[in-house]
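Below: one structure, written as structure tokens.
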Amino acid sequence: MASAVFNFWEKGEAFFDLRVKELPAGDYFVTDEDGTVYSGGGAAGTWTARELDGGIRLVVGAARTKVFEIRSAAKFHPVIG
């Protein structure tokens, strides 16, 4: 699953809460198109379906577009570090 976020404001970054409703129970990684992993508090930096349902705080730079992907931890193992 992917979500594109657009920040048209040229003078600063935009903070927002990404909420993903009704995911199957489990652990998930949140990454962007550059391969950056946005770490949660779970094992190996994962987020739970419940955390994603409640929303996680992310940021997009000034006058930027960023695509975030939510991937099942059971199927995706990022290189961290």
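Side notes on the structure shown:
- Residues in segment 8-31 that are in a strand (DSSP E or B) and touching a Leu at 6+ places or on another chain (Cβ under 9 Å): Phe15, Phe16, Asp17, Leu18, Tyr28, Val30.
- Cβ-Cβ under 9 Å pairs, at least 6 apart or on other chains, segment 42-63 side on the phi < 0 side of the Ramachandran plot, far side part of a helix (DSSP H, G or I) and open to solvent by 10 Å² or more (accessible area, probe 1.4 Å): Gly42/Glu51
- Scanning segment 38-47 for residues that are at pLDDT 90 or above and hydrophobic (A, V, I, L, M, F, W, C) turns up just one, Trp47.
The values are calculated or read from the model by the stated rules, or taken from the named source; none is laboratory data. Because the structure is predicted, anything quoted here is derived from the model rather than measured. Counting neighbours? That spans all protein chains shown, and the Cβs are built from the backbone with ideal geometry, glycine included. The protein model used for the area step is the full one, side chains on, heavy atoms only, and it has no ligands, DNA or RNA in it. Shrake-Rupley method; radii C 1.70, N 1.55, O 1.52, S 1.80 Å.
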